Amino acid sequence: MGIPLAMGWRHLLFENWRVDPDVIAERLPETLTVDAYDGSGWLSIVPYTNVAVRPQGLPAAVGQPLPELNLRTYVTCDGEPGIYFFSLDAQGIAGVLGARVTQHLPYYYARISLEGDGDRIRFDSRRRHPGARPAHYAATYGPSGEAFDSSADPQAQFLTERYRFYTEGSDGTLRYTDVDHEPWTLYPAEAETETNTLFRADGFEHPDGEPVRYYSPGVDVTAGTSSRWTGGTQ
């Protein structure tokens, strides 16, 4: 359902918290398994912006960037690794509605601003989706060290190099979408978080401890269509 898309993901912060795998498992579809690293499950908040979103095969056009904020975790299905989203807050109403219908993703309309000042990014998101619990996330973030390839760090590779996401359709079936992009160029990151109610809005206690943070200037991405998972090799 839907059409393959091409886009750019820019100015990403990966904020990753260790969480008891059982806390995550009870919120997943039964066909998915928590993918643990170093004995921990992980919840990650990822603010960024989409640019040049278009049907795959068409040339990129200059348009309004579409900032987005995700709360996600890491899973496997029959051994295939991927991401499972608990929420995706996005600026564009049309995109929110379209992704809910075509990709079966839990998108919520939000008012989001993303502003750059040198290598510092100011991000502010307020969920405004009718009937949804409000969520407010505001932070200023940026790189705090030298660039490195994600493949040089096993933990960074686990937390960032994911090429499939799983969702649950309205009929309860598991669905998946594959994405493709070059490996991430990452930086260690620092962030000043002013407010973060995203965990509470999505039904989680705020995890203890400091998150592991990475920054990336971005990659160009292609995303396929949503398909029903039937088990085995796809």
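Just a few scattered comments:
- Here the Karplus curve 6.51 cos²θ - 1.76 cosθ + 1.60, taken at θ = phi - 60°, turns the phi angles of segment 133-144 into couplings of 5, x, 9, 10, 10, 9, 7, 10, 9, x, x, 10 Hz, with x standing for Gly and Pro.
- Considering all C-alpha pairs of segment 121-164, those separated by over 17 Å amount to 61%.
- Amide H contacts of Arg164: Ile83, Val179, each under 5 Å away and 5 or more positions distant or on a separate chain (H built 1.01 Å from N in the peptide plane; Pro and chain starts excluded).
- Just so you know, the Rg over Rh for segment 1-69 is 1.13, from Cα atoms, with Rh as the Kirkwood radius.
- Per-residue [θ]222 nm for the chain (sum of -39500 (n - 2.57) over DSSP H runs n ≥ 4, rounded to 500): -2500 deg cm²/dmol
- Taking every protein chain into account, the accessible area of the chain amounts to 48 square angstrom per residue (probe 1.4 Å).
- Given 14 as the ceiling on other Cβ atoms within 10 Å, longest exposed-site-free region of the chain for GluC sites (Glu not before Pro) in DSSP loops: 31-145
- Between Asp22 and Arg120, the C-beta separation translates, for a Förster distance of 22 Å, into a calculated FRET efficiency of about 0.05.
- Counted charge near Gly41, where neighbours are those whose Cβ lies closer than 9 Å (Asp, Glu -1; Lys, Arg +1): -2
- Taking N as its residue count, the alpha carbon Rg of the chain over 2.2 N^0.38 Å: 0.95
- When the Gaussian network model of the chain links Cα atoms closer than 10 Å, the mean-square fluctuations of Gly39, Gly203, Gly131 top out at Gly131.
- Among Thr49, Thr167, Thr195: highest mean-square fluctuation, GNM of the chain, C-alpha pairs under 10 Å: Thr195
- Surface share of carbon and sulfur [accessible, 1.4 angstrom probe, percent] for the chain: 48 percent
- Treating r as the C-beta distance of Glu190 and Thr225 and R0 as 45 Å, the FRET efficiency rounds to 0.75.
- Amide H contacts of Phe86: Leu71, Arg72, Thr73, each under 5 Å away and 5 or more positions distant or on a separate chain (H built 1.01 Å from N in the peptide plane; Pro and chain starts excluded).
- Computed on the Cα trace of segment 33-72, the radius of gyration divided by the Kirkwood hydrodynamic radius gives Rg/Rh = 1.22.
- Total formal charge among the other residues, if their Cβ is under 15 angstrom from that of Asp149, Lys/Arg +1 and Asp/Glu -1: -4
- The antiparallel fraction among DSSP beta bridges confined to the chain stands at about 95%.
- Considering only Thr177, Thr31, Thr73, the Gaussian network model of the chain with Cα springs below 10 Å gives its largest mean-square fluctuation to Thr31.
- Per-residue 3J(HN,Hα) values for segment 211-225, derived from phi via the Karplus relation 6.51 cos²θ - 1.76 cosθ + 1.60 with θ = phi - 60°, read x, 8, 10, 9, 10, 9, x, x, 9, 9, 10, 10, 10, x, 8 Hz in sequence order (x marks Gly and Pro).
- Rg to Rh quotient for segment 134-234, alpha carbon positions, Kirkwood Rh: 1.02
The values are calculated or read from the model by the stated rules, or taken from the named source; none is laboratory data. A quick note: this is a predicted structure, and the numbers were derived from the prediction, not measured. A quick note on method: Cβ atoms are made from the backbone with ideal geometry, for glycine too, and the neighbour counts reach across all protein chains shown. For the accessible areas, the whole protein counts, side chains as well, though only heavy atoms, and no ligand, DNA or RNA atoms are used. Shrake-Rupley method; radii C 1.70, N 1.55, O 1.52, S 1.80 Å.
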